[in-house]
Amino acid sequence: MIGDNPDRWIRSDNMWLRRTALLYQLKYKKHTDPERLFHYIDLQKDEGEFFIRKAIGWALREYAKTDPKVVRPFVKETPLSSLSAREALKHIGKE
């Protein structure tokens, strides 16, 4: 783990640091910390920046490959941009 950096990055004024905080667990698979991932997404879900919205969808899509039963309801219950939701559910569908 990177220590507490992602916790600082997600609140940074720098969009690229916030994006990195959303994506750093991208390949963790079963070692992903979903509580942290979902918290970070909650903090950024209203961001209008394309690269943040895309990162949210990308992070959720990758985690959905490991645990779609957790990602699907999160996407359904969380007001995400259409881009983020579409990317998140790209391979698992809406059901």
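For Arg8 and Lys30 in one chain, what is 0.36 nm times their gap in residues minus the Cα-Cα distance, to one decimal in nm? Before the final figure, lay out the partial values.
Working: separation 22, 0.36 × 22 = 7.92 nm, distance 2.37 nm.
Answer, rounded to one decimal: 5.5 nm.
Listed by chain and number, the aspartates and glutamates whose alpha-carbon sits under 17 Å from that of Lys27, ignoring those within fewer than 8 places in the same chain, are Glu35, Glu62, Asp67, Glu87.
State, as an integer percentage, the relative contact order of the chain based on alpha-carbon contacts under 8 Å between residues 6 or more apart.
Relative contact order here is 25 percent.
Projecting the Cα atoms of Thr66, Leu22, Thr32 onto the charge dipole of the range 17-95, computed from C-beta unit charges around the Cα centre, puts Thr66 farthest toward the positive end. Can you compute 3J(HN,Hα) from phi for each residue in the range 53-66, using the Karplus curve 6.51 cos²θ - 1.76 cosθ + 1.60 with θ = phi - 60°, rounded to whole Hz and x for Gly and Pro? So the Karplus estimates, Gly and Pro as x, are 4, 5, 5, 4, x, 5, 4, 5, 4, 5, 5, 5, 5, 9 Hz.
In summary, the lysines within cross-link reach of Lys69, defined as a Cα separation below 17 angstrom excluding same-chain residues under 8 places away, comprise Lys29, Lys30, Lys90, Lys94.
For the range 6-51, a simple Cβ point-charge model (Lys and Arg +1, Asp and Glu -1, everything else neutral) yields a dipole of about 300 debye relative to the Cα centre. Set Lys and Arg Cβ to +1 and Asp and Glu Cβ to -1, take the dipole of the chain about its Cα centre, and tell me which of His91, Thr78, Trp9 lies farthest positive. Farthest along the dipole direction, towards plus: His91.
Read-outs throughout are calculated quantities, based only on the coordinates presented, and are distinct from any laboratory measurement. Bear in mind the structure is a predicted one, so any value in this text is a computation, not a measurement. We place every Cβ from the backbone using ideal geometry, glycine too, and count neighbours over all the protein chains shown.
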